[in-house]
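Take a look at the structure below.
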Amino acid sequence: EAYDVVVVGSCMTDLVSQAPRLPRVGETIHGHKFFIGFGGKGANQCVQAARMGAKTAMVCKVGKDVFGDNYIQNFKNNGISTDYVEQTGDAATGAATIIVNDTGENAIVIVAGANMLLGDAELLKMQGALSHAKVLICQLEISPDTSLKALRAAREHHVKTIFNPAPAVPDLSPEFYKLSDIFCCNESEAEILLGETVATVEDAGKVSLKLLGRGCGSVIVTLGSQGCVVLSAQDSCPKHIPTTKVTSVDTTGAGDSFIGALAFYLAYYPSLSLEELARRANVVAGLSVQKEGTQTSYPYQRDLPEELL
Ligand code: RIB
Ligand code: NA
């Protein structure tokens, strides 16, 4: 079977508490709501691409536990192939503890668990599927070595790569940049990667040029409500793509919604410019921030404004 968008990445069970604000060190505060959801950056991106209408496969590892069982069912419910989803008895399904404040901002701790055991055996198994794919997406919630190997394999098969360096590390292996057709991060990830402050659109333009200089085909730095900045090796003048103003309820996973939508458009509308890809992905992510939760807030193709269909 052929899959157009393949994600090699993470699954997490999101344990979400909504509170008026994020607690300080040593402090206990009352929250007003708790829920459990399906998350993990890799799976989130895959679910968003699938809801846009992409034929997707997820390559990941969950635990042999109830969270892992439920997650596999969640992939099926979203029409995502689980041929490359493995279950291990050696670690628990990844978990994310998330606190969301009243303005929709969050703080997250992930315990990757089974995600870290995704490795060579699973990559070998998915080679056939990858060789026919249009787009591969990777992040950093699995072993970085596994992400690198997946990106290298995609290059060999001329599959377009989207790399999302999240969560970011200051000493990212230089090979990641060279293996990224699109290197897509948010402002705080760019700060960690480069060790400089990214507060304005102008800052984002500067850091995106530096990231491009490390060997990426193109770079997108997302800026939340300020939209994003894009540039490419062919056109290295940073362009700001603004968003329309929305009232945000929960921004958790909005970046993943952006990347999943980006992968969909890249796979099925390959002639769109980088600016137009980013503009469309902005609209999709903008819908997600207006609803509670991560995947629960991701739009389906039928929810999109007419101009995006
Ligand atoms: O990007 C949002 C995601 O980050 C959450 O779903 C959580 O699982 C963490 O991985
Ligand atoms: Na949301």
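Multiplying the sequence separation of L148 and V169 by 0.36 nm and subtracting their Cα-Cα distance, what value in nm do you get? Numbers along the way, then the final one.
Working: separation 21, 0.36 × 21 = 7.56 nm, distance 1.45 nm.
Stretched out fully, the L148 to V169 stretch lengthens by 6.1 nm.
Classify region 40-94 as rounded, prolate or oblate, taking a ≥ b ≥ c as the square roots of the eigenvalues of its Cα gyration tensor: rounded when a/c is under 1.5, otherwise prolate if a/b is larger than b/c and oblate if not.
Working: a/c = 2.19, a/b = 2.10, b/c = 1.04.
Taking the square roots of the gyration eigenvalues as a ≥ b ≥ c, region 40-94 is prolate.
Leaving out ligands, DNA and RNA, and with a 1.4 Å probe, what % of the accessible surface on region 113-155 is carbon or sulfur?
Of all accessible area on region 113-155, carbon and sulfur atoms account for 63 percent.
Nothing charged except the Cβ atoms of Lys and Arg (+1) and of Asp and Glu (-1): what's the magnitude of the dipole of region 156-255 about its Cα centre? Round to the nearest 20 debye. Walk me through the intermediate numbers first.
On the way: 7 positive and 12 negative charges, 53 e Å.
Its charge dipole is roughly 260 debye.
Between S131 and S236, take the C-beta separation as r, use R0 = 35 Å, and let me know the FRET efficiency to the nearest 0.05.
Values: r = 31 Å, r/R0 = 0.89.
The value I calculate is 0.65.
Place the peptides 103-114, 175-186 in order of packing, highest mean first, counting for every residue the other Cβ atoms within 10 Å and averaging per peptide.
Details: 103-114: 17.3, 175-186: 22.2.
Packing proxy ranking, top to bottom: 175-186, 103-114.
What is the gain in length, in nm to one decimal, between D69 and K178 on full extension, counting 0.36 nm per residue of separation less the C-alpha to C-alpha distance? Intermediate values should be presented prior to the final figure.
On the way: separation 109, 0.36 × 109 = 39.24 nm, distance 3.62 nm.
Going from the current span to full extension adds 35.6 nm.
What size of dipole, in debye to the nearest 20, comes out for region 25-155 about its Cα centre when the only charges are +1 on Lys and Arg C-beta atoms and -1 on Asp and Glu C-beta atoms?
Numbers: 12 positive and 12 negative charges, 126 e Å.
For region 25-155, the charge dipole is close to 600 debye.
What number, in percent, do you get for the relative contact order of the chain if the mean sequence gap of Cα pairs under 8 Å and at least 6 apart is divided by its residue count?
Numbers: 739 pairs, mean separation 56.7, N = 309.
Value for the chain: 18 percent.
Show me the ranking of peptides 53-61, 205-213, 279-287 by mean Cβ neighbours inside 10 Å, starting with the highest. Don't skip to the end; give the middle numbers.
Values: 53-61: 25.6, 205-213: 18.8, 279-287: 23.1.
The packing order, highest mean first, is 53-61, 279-287, 205-213.
Ranked highest first by the average count of other Cβ atoms within 10 Å around their residues, in what order do 38-48, 117-127, 92-102 fall?
So the peptides 38-48, 117-127, 92-102, ranked by packing, come out 38-48, 92-102, 117-127.
Report the FRET efficiency, 1/(1 + (r/R0)^6), for F34 and T247, where r is their Cβ-Cβ distance and R0 is 22 Å, rounded to 0.05.
Values: r = 23 Å, r/R0 = 1.03.
E(calc), rounded to 0.05, equals 0.45.
Which of the lysines could a cross-linker span from K33 if the Cα-Cα distance has to be under 30 Å and same-chain partners fewer than 8 positions apart are dropped?
Of all the lysines, those that pass the test against K33 - Cα under 30 Å, at least 8 places apart if same chain - are K41, K61, K64, K76, K245, K291.
Which number do you get for Rg(Cα) / (2.2 N^0.38 Å) in the chain? Don't jump to the answer; show the numbers that get you there.
Values: Rg = 18.0 Å, N = 309, 2.2 N^0.38 = 19.4 Å.
With N residues counted in the chain, Rg over 2.2 N^0.38 Å equals 0.92.
Using the crude model of +1 on Lys and Arg Cβ and -1 on Asp and Glu Cβ, and no other charge, please compute the dipole size for region 185-309 relative to its Cα centre, in debye to 20. Show your work: numbers first, answer last.
Numbers: 9 positive and 15 negative charges, 35 e Å.
The calculation lands at about 180 debye.
Among G89, V100, A285, flag the residue with its Cα farthest along the positive direction of the charge dipole of the chain, charges on Cβ as +1 for Lys/Arg and -1 for Asp/Glu.
Of the listed residues, the answer is A285.
Are any of the pairs K125/K149; K134/K178; K149/K206; K210/K239 more than 23 Å apart by Cα-Cα distance, and if so, which?
Numbers: K125/K149 13 Å; K134/K178 18 Å; K149/K206 29 Å; K210/K239 14 Å.
Pairs exceeding 23 Å: K149/K206.
Convert each backbone phi in region 180-195 into a coupling constant with the Karplus relation 6.51 cos²θ - 1.76 cosθ + 1.60 (shift: θ = phi - 60°), then list the ³J(HN,Hα) values in order as whole Hz, x for Gly and Pro.
So the J values, rounded to whole Hz, are 9, 5, 10, 9, 10, 9, 9, 4, 6, 5, 4, 4, 5, 5, 10, x.
Quick check: pseudo-label points 7 Å beyond the Cα along Cα→Cβ at A121 and T97, how many nm apart are they?
3.1 nm
The values are calculated or read from the model by the stated rules, or taken from the named source; none is laboratory data. For clarity, every value in this text was computed on a predicted model and none was experimentally measured. So basically every Cβ, Gly included, is an ideal-geometry build from the backbone, and we count neighbours across all protein chains shown. Note: accessible area is taken over every heavy atom of the protein model, side chains too, but ligands, DNA and RNA are not part of it. Shrake-Rupley method; radii C 1.70, N 1.55, O 1.52, S 1.80 Å.
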